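Only one structure is covered here, and it is reproduced in the block below.
The values are calculated or read from the model by the stated rules, or taken from the named source; none is laboratory data. Bear in mind the structure is a predicted one, so any value in this text is a computation, not a measurement. When we count neighbours, we look across all protein chains shown, and the Cβ atoms used for this are built from the backbone with ideal geometry, even at glycine. All accessible areas refer to the heavy atoms of the entire protein, side chains included, with ligands and DNA or RNA removed. Shrake-Rupley method; radii C 1.70, N 1.55, O 1.52, S 1.80 Å.
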Amino acid sequence: HFTIRGPRDSPFENGLYHGRLLFPPEYPMKPPDIFLLNVSGRFETNKKICLSISGYHPETWLPSWSINTALIALQAFFETDAKGAIGGINWPEEARRAAAPRSEELGPGRDQAKLGSVRGARSAGAGSGRRRSVEGRAARG
């Protein structure tokens, strides 16, 4: 599991975002799957995220990248357009700003209907049990 802060000077800057990394047996030669576990307005909750640093794109992964590198890249992806990518969503900026300070209370197993624009957030299974999960923590300094 990991926790990252939203990028500075962005609609996400007041948020703390919790997620899960699932590592394939071939790690570090292949990238982890990445899931975000709480509401962000940029990524769907509990759905594998398609990014160039995730398990969807092993061809772009470099084994020399650390988990910290992947989490810094994930933080940067918050500010990009989802462009229809799997696990990506594009809420309006106002909704993202409203969700950010409430990100901790809008986590897994919590009442996500507390924030009106969150009612449509989806849930999906967290993937197969063939990958292993490890704990890590990265936060902007």
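Couple of notes before you dig in:
- Highest mean first, the peptides 96-105, 83-92, 46-55 sorted by other C-beta atoms within 10 Å per residue fall in the order 46-55, 96-105, 83-92.
- The label point for residue 8 and the one for residue 64, both projected 7 Å from the Cα toward the Cβ, are 2.7 nm apart.
- The label point for residue 76 and the one for residue 16, both projected 7 Å from the Cα toward the Cβ, are 2.6 nm apart.
- Where the range 1-80 is the region considered: accessible area per residue in Å², 1.4 Å probe: 40 Å²
- Protein accessible area in the range 1-45, 1.4 Å probe - carbon and sulfur %: 48 percent
- Working note: Karplus 6.51/-1.76/1.60 with θ = phi - 60° gives the range 86-95 the couplings 4, x, x, 9, 10, 6, x, 3, 4, 5 Hz, where Gly and Pro are set to x.
- For the range 16-22, the Karplus equation 6.51 cos²θ - 1.76 cosθ + 1.60, evaluated at θ = phi - 60°, returns couplings of 10, 10, 9, x, 9, 10, 10 Hz by residue, with Gly and Pro reported as x.
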